[in-house]
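Take a look at the structure below.
The values are calculated or read from the model by the stated rules, or taken from the named source; none is laboratory data. Please read all numbers here as calculations on a predicted model, not as lab measurements. Note: ideal-geometry Cβ built from the backbone for every residue, glycine included; neighbour counts use all protein chains shown. We work out accessible area using only protein heavy atoms, side chains counted, and drop any ligands, DNA or RNA first. Shrake-Rupley method; radii C 1.70, N 1.55, O 1.52, S 1.80 Å.
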Amino acid sequence: MTSPAPHDVTVIGCGTLGTSLALALTRAGRSVALADRDPHALARAVFRGAGTELAPDSPPAGLVVVATPTAAVIDTLYEAQTTGLGRAYTDLTAGNHGIWDEARLRGCDLRGYVPGRPRLAARPAGPSAGLFAGRPWTVCPYPLVEPDALDAVDLLVRTCGAHRDDVPPGTRPSTPIPERGRR
């Protein structure tokens, strides 16, 4: 695995978290490609300046961030890996304590996958480039992960102004993560 370029990220999922992440990255000067199954969500994120639409012939990104609802993370990760969308992968899901096992069972390449999740104080009202600034970001580095993948996620966390909080596999972070519909 080659070290990812500091400006090369693909974000899959243009909801509040995915768009906020992309806005933070573009504000920091990184090039962001966006993908979403909902063309309206994708168009809104592009309109906000979060990045550009992922082109079918795009080269592999240094880092692919899966920012889909929890139920779609594993299938999205698997599809992104099998199409060679990137060199390293992470997600923004609240269900990290068991997601690695699900990824393993689905056949995902675990050497380049680092489960992660920014921990927010409250459910955000809408996308914001500063959403992650000063917040803890749970990272779950499993034993199989390659150092370059972990480095790419670490750079992502720092670029967003968050601080990395490693959590051993199978445990939950100490700060609760708001679920959809809760405040």
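Tally up the carbon and sulfur contribution to the accessible surface of region 124-166 as a whole percent, 1.4 Å probe, everything protein left in place.
Heavy-atom surface of region 124-166 belonging to carbon and sulfur, 1.4 Å probe: 54 percent.
Determine the relative contact order of the chain: mean sequence separation of Cα pairs under 8 Å and six or more apart, normalised by residue count, in whole percent.
After rounding, I find 22 percent.
Need the full-extension length gain, residue 166 to residue 70, defined as separation in residues times 0.36 nm minus the C-alpha distance. One decimal, nm.
Length gained between residue 166 and residue 70: 32.6 nm.
Taking a 1.4 Å probe, which of 146, 79 shows the most accessible area, and what order do the others take after it?
79, 146
Which length gain, in nm to one decimal place, applies between residue 133 and residue 82 when the Cα-Cα distance is subtracted from 0.36 nm times their residue separation?
15.1 nm
What per residue convex hull volume, in Å³, do the alpha-carbon atoms of region 22-102 yield?
Normalising the Cα hull of region 22-102 by residue number yields 103 Å³.
Using the Karplus equation 6.51 cos²θ - 1.76 cosθ + 1.60 (θ = phi - 60°), what ³J(HN,Hα) coupling, rounded to whole Hz, does each residue of region 63-71 give in order, writing x for Gly and Pro?
Once θ is set to phi - 60°, the couplings for region 63-71 become 9, 10, 10, 8, 10, 9, x, 3, 5 Hz.
Roughly speaking, what is the stretch gain from residue 57 to residue 158, that is 0.36 nm per residue apart minus the C-alpha to C-alpha distance, in nm to one decimal?
Fully extending the segment from residue 57 to residue 158 adds 33.5 nm.
By its C-alpha gyration tensor, with a ≥ b ≥ c as the square roots of the eigenvalues, how is the chain shaped: rounded for a/c under 1.5, else prolate for a/b larger than b/c, else oblate?
Cα axes put the chain in the rounded bin.
Using the Cα centre as the reference, give the magnitude of the dipole from point charges on the C-beta atoms of the chain (Lys, Arg: +1; Asp, Glu: -1; all else neutral), rounded to the nearest 20 debye.
780
Starting with the highest mean, order 58-64, 84-90, 70-76 by the number of other Cβ atoms within 10 Å, averaged over the residues of each peptide.
Averaged packing, sorted descending, gives the order 84-90, 58-64, 70-76.
Which whole-number value in Å² is the accessible area per residue of region 61-155, probe 1.4 Å?
38
Give the ranking of 40, 163 by solvent-accessible surface, highest area first, calculated with a 1.4 Å probe.
Accessible-area ranking of 40, 163, largest first: 40, 163.
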